[in-house]
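The values are calculated or read from the model by the stated rules, or taken from the named source; none is laboratory data. On a predicted model such as this, the values are computed, not experimentally measured, just so you know. Cβ coordinates were reconstructed from backbone atoms using ideal geometry, including for glycine residues, and neighbour counts include every protein chain displayed. Quick note on the areas: whole protein, heavy atoms, side chains included, nothing else; ligands and nucleic acids left out. Shrake-Rupley method; radii C 1.70, N 1.55, O 1.52, S 1.80 Å.
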Amino acid sequence: MNTIFRKSMLSVAGLAFAGGVFAGPIAAHANPVDGKPVAVAVQSAAPKPQGDQSHITLNDEQTANVKAIIAATKKAGLPERAAVISIATSLQESKLENLGHLGDANDHDSLGLFQQRPTSGWGTPEQITDPAYSTTAFLKGLRQVDGWQDMALTDAAQTVQVSAYPDAYAQWEQQATDLVGQYWNS
């Protein structure tokens, strides 16, 4: 037998063995009645935050806004992940402060927790600066994003917000996750 052929045969045999070792445990769960394999569910933990994380100390107003975002998320019937995305978005956009018009420092006509713009159809200035309304508007946008539940936080937030800094939301994921964990059941 030539060397190339022998090495090829050994490689094939090795792959067959490895395949049997790895497929064996799955095949062991096959349904003997109809011969179809049983689906094996793999539970995954919450997504790991992407990149370097930022953190700020919250004052009473910011904490109240966290609670308002969580309440609006619950009222909308959405899971904790939606609250995490909402809070991280608000941390990036306004540091959880319900911002009014900032004069020359304003980004166009952006207002509120999510820096939503009346001229972009988010609502009136009064509505946008109401934490419950602005959160509900953000969540409405989030619901329209196919697969948002499984997306990286920054991708889901960016799809709703259409920011000039699309990766900036990721830095707030850990603090947002911690805040939802702290206040979701309170």
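Check the range 119-129 and report whether any residue there is touching a helix residue (DSSP H, G or I) at 6+ places or on another chain (Cβ under 8 Å), aromatic (F, W, Y), open to solvent by 10 Å² or more (accessible area, probe 1.4 Å) and not in a loop (DSSP other than H, G, I, E, B). There is no residue in the range 119-129 that is touching a helix residue (DSSP H, G or I) at 6+ places or on another chain (Cβ under 8 Å), aromatic (F, W, Y), open to solvent by 10 Å² or more (accessible area, probe 1.4 Å) and not in a loop (DSSP other than H, G, I, E, B).
Being of a type in the set (S, T, Y), loosely packed, with under 11 Cβ neighbours inside 10 Å and either at pLDDT 50 or above or in contact with a Ser or Thr (Cβ under 7 Å, 6 or more places away or on another chain) (or both) holds for only one residue in T89, T57, and it is T57. None of T135, T177, T159 is over 20 Å from A71 (Cα atoms), not aromatic (F, W, Y) and not in a loop (DSSP other than H, G, I, E, B) except T159. Applying the condition of being closer than 22 Å to Q62 by Cβ and of a type in the set (D, E) to the range 145-183 and asking which residue is most open to solvent (accessible area, probe 1.4 Å) yields D178. Scanning the range 45-94 for residues that are part of a loop (DSSP other than H, G, I, E, B), small (G, A, S) and over 12 Å from T136 (Cα atoms) turns up A45, A46, G51, S54.
Close Cβ contacts (under 6 Å, 6 or more residues apart or on different chains) running from residues in the range 37-61 that are under 22 Å from D155 (Cβ atoms) to residues that are at pLDDT 50 or above and exposed (fewer than 10 other Cβ atoms within 10 Å of the Cβ) are absent.
Condition first: more than 18 Å from the chain's Cα centre (by Cα), on the phi > 0 side of the Ramachandran plot and either at pLDDT below 95 or of a type in the set (S, T, N, Q) (or both). Can you find one or more residues in the range 60-82 that meet it? Taking every residue of the range 60-82 in turn, none turns out to be more than 18 Å from the chain's Cα centre (by Cα), on the phi > 0 side of the Ramachandran plot and either at pLDDT below 95 or of a type in the set (S, T, N, Q) (or both).
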